[in-house]
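The values are calculated or read from the model by the stated rules, or taken from the named source; none is laboratory data. Values in this document were obtained by computation on a predicted structure and should not be read as measured data. Here the Cβ positions follow ideal geometry from the backbone for every residue, glycine too, while neighbour counts run over all protein chains shown. Each accessible area value is taken on the protein alone, full model and side chains, heavy atoms only, with ligands, DNA and RNA left out. Shrake-Rupley method; radii C 1.70, N 1.55, O 1.52, S 1.80 Å.
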Amino acid sequence: MVIRVSEIPEDGRVIEGVEECRPFQDPQWTLEALRLFIARDKDDVLVRGRIRSRVPLTCSRCLEPFPMTVEADTDVRFTPRPLWRGEDFELSANDLEVDFYAENLLDLDRLIETETTLRLPMKPLCREDCRGLCPVCGGNRNQNPCACQVKLPDPRLQALRAHRHHPAGAAGRRRRFRS
């Protein structure tokens, strides 16, 4: 959904419902609920609201697919895209909290997809107590308990393991070998 910034009323605009939006490139992602308030502040546009989406993920422990509901509260300031004339310019810390719009058009689909993506967990879990895969046979421990014996590491390598966890770390080892 793309809206014209110049057509946003003085008292703002509320967008509620998912009928007009098709924000996701992946057709398996679905937008379940949307409520946004859009207001102008001179040339800037403020967008506040809540987004709820359903996203298929893969569990990082057991590698099984599962659906996840992602809820995102959004509070974003859009400003007109600066004219770039080929010279370098530096962004300030405040610029990092601002997004841009161009040619009087605000792309809400891009905002919805970005906000949803940013709320995805780095290591998704199908459930908190997921038991993961067996390191020996590779079976899903959530579906079948396995009787595999976890092989203990070779005791001859214990000295290397102790050295690797030395408090001086790699930097201490490097200093020792320099001439």
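So how strong a dipole does the stretch 97-155 carry about its Cα centre when Lys and Arg Cβ are +1 and Asp and Glu Cβ are -1, to the nearest 20 debye?
Details: 7 positive and 10 negative charges, 158 e Å.
The calculated dipole for the stretch 97-155 is roughly 760 debye.
What order do S6, S53 take when sorted by accessible area (1.4 Å probe), most exposed first?
Largest accessible area first, the residues go S6, S53.
Between D43 and F66, what is 0.36 nm times their sequence separation minus the Cα-Cα distance? Round to one decimal in nm.
On the way: separation 23, 0.36 × 23 = 8.28 nm, distance 4.22 nm.
Using 0.36 nm per residue and subtracting the Cα-Cα distance, I get 4.1 nm.
Which length gain, in nm to one decimal place, applies between L152 and E19 when the Cα-Cα distance is subtracted from 0.36 nm times their residue separation?
Numbers: separation 133, 0.36 × 133 = 47.88 nm, distance 5.66 nm.
Using 0.36 nm per residue and subtracting the Cα-Cα distance, I get 42.2 nm.
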